[in-house]
Amino acid sequence: MSPVDPIDDYLRGVVQAVEGLPREALWQAVDLLLAAGRAGRRIYLIGNGGSAATASHMANDLSKQATVSGQPLLRAIALTDNVPLITAWSNDESYAECFARQMVNHLEPGDVLIAISCSGDSPNILRAVELAQSIGARSIGLTGDQGGGLRGLVDCCITVPSAHIGQQEDLHLVVNHALTTAIRARLIAG
């Protein structure tokens with residue numbers, strides 16, 4: 001028996017996960033984000049660890065890559081980027097409140113929250129989504145294969161069909177680029 005090549009095995013898993021991404025949920029997310037842009041609403045992004053980096057990356061791409069001259073702008077803000085405020089709320093309240101407490105000052109009905117969590121069970125992510133719902137904001141979840149508690153809370157859940165956390169994180173970036181590409185195409189088409 002020949003040994004398994006870990007690189008080929010990993011990359012095959014990425015390809016299988018890409019093929020299994022839920023296209024209907026991707027298009028639903030495009031519609032939610034475009035509606036927010038057309039209504040002048042804001043898009044907030046949250047995540048922990050690697051998902052925090054994805055939130056920052058996605059805010060950048062929604063604000064820049066999805067921009068078409070003469071069309072509505074997507075106003076995306078990653079709540080992961082204000083480390084002093086995250087640590088202040090975490091220290092003074094609890095880590096479970098670090099995103100929700102930031103949103104209290106800014107979130108309005110019609111805004112969109114993109115919550116990124118491979119497990120779908122991070123308390124600070126779930127708390128932020130619950131707050132968003134109570135305010136009348138819409139929500140999109142990017143999760144791993146199980147979806148966790150996040151799956152049942154969000155308006156639109158994009159699950160990555162892989163049990164490997166690295167592949168889940170990779171695919172969340174793929175989702176980001178697929179969404180921004182589709183949004184830009186729709187904006188160009190008018």
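Residues in segment 58-70 that are within 18 Å of Asp111 (Cα to Cα) and not hydroxyl-bearing (Ser, Thr, Tyr): Met58, Ala59, Asn60, Asp61, Leu62, Ala66. Considering segment 36-51, the residues that are crowded, with 20+ Cβ neighbours inside 10 Å and in a helix (DSSP H, G or I) include one that is nearest to the chain's Cα centre (by Cα), namely Ser51.
Residue pairs whose Cβ atoms lie under 8 Å apart, separated by 6 or more positions or on different chains, with the first residue in segment 72-83 and more than 14 Å from Ile116 (Cβ to Cβ) and the second assigned to a loop (DSSP other than H, G, I, E, B) and small (Gly, Ala, Ser), are Pro72/Gly40; Leu74/Ala66; Arg75/Gly40.
Would you pick out the residues in segment 3-35 that are β-branched (Val, Ile, Thr), out of contact with any Leu (no Cβ under 8 Å at 6 or more places or on another chain) and part of a helix (DSSP H, G or I)?
If the condition is that a residue be β-branched (Val, Ile, Thr), out of contact with any Leu (no Cβ under 8 Å at 6 or more places or on another chain) and part of a helix (DSSP H, G or I), then Ile7, Val15 are the ones that fit.
Just one residue in the set Ser139, Ser134 is polar (S, T, N, Q), free of Cβ contacts under 8 Å to residues at least 40 places away in the same chain and touching a strand residue (DSSP E or B) at 6+ places or on another chain (Cβ under 6 Å); that residue is Ser139.
Residues in segment 1-42 that are hydrophobic (A, V, I, L, M, F, W, C), closer than 17 Å to Leu173 by Cα and either in contact with a strand residue (DSSP E or B) (Cβ under 8 Å, 6 or more places away or on another chain) or at pLDDT below 95 (or both): Leu21, Ala25, Leu26, Ala29, Leu33.
For segment 23-35, the criterion of a residue being among the polar types (S, T, N, Q) and surrounded by 13 or more Cβ atoms within 10 Å (Cβ to Cβ) is satisfied by at least one position. Considering the conditions (1) in contact with a helix residue (DSSP H, G or I) (Cβ under 7 Å, 6 or more places away or on another chain); (2) among the hydrophobic types (A, V, I, L, M, F, W, C); (3) over 27 Å from Ala182 (Cβ atoms), Ala88 is excluded by exactly one of them, (1). For segment 167-185, indicate whether the set of residues that are at pLDDT 95 or above, in a helix (DSSP H, G or I), among the charged types (D, E, K, R) and over 19 Å from Arg75 (Cα atoms) is non-empty. Yes - at least one qualifying residue is present in segment 167-185. Selection of segment 52-72 for residues being surrounded by fewer than 19 Cβ atoms within 10 Å (Cβ to Cβ), in a helix (DSSP H, G or I) and not small (Gly, Ala, Ser) yields His57, Asn60, Lys64.
The values are calculated or read from the model by the stated rules, or taken from the named source; none is laboratory data. All of these numbers come straight from a predicted model, not from anything done at the bench. Note that we place each Cβ from the backbone using ideal geometry, even for glycine, and neighbour counts take in every protein chain shown.
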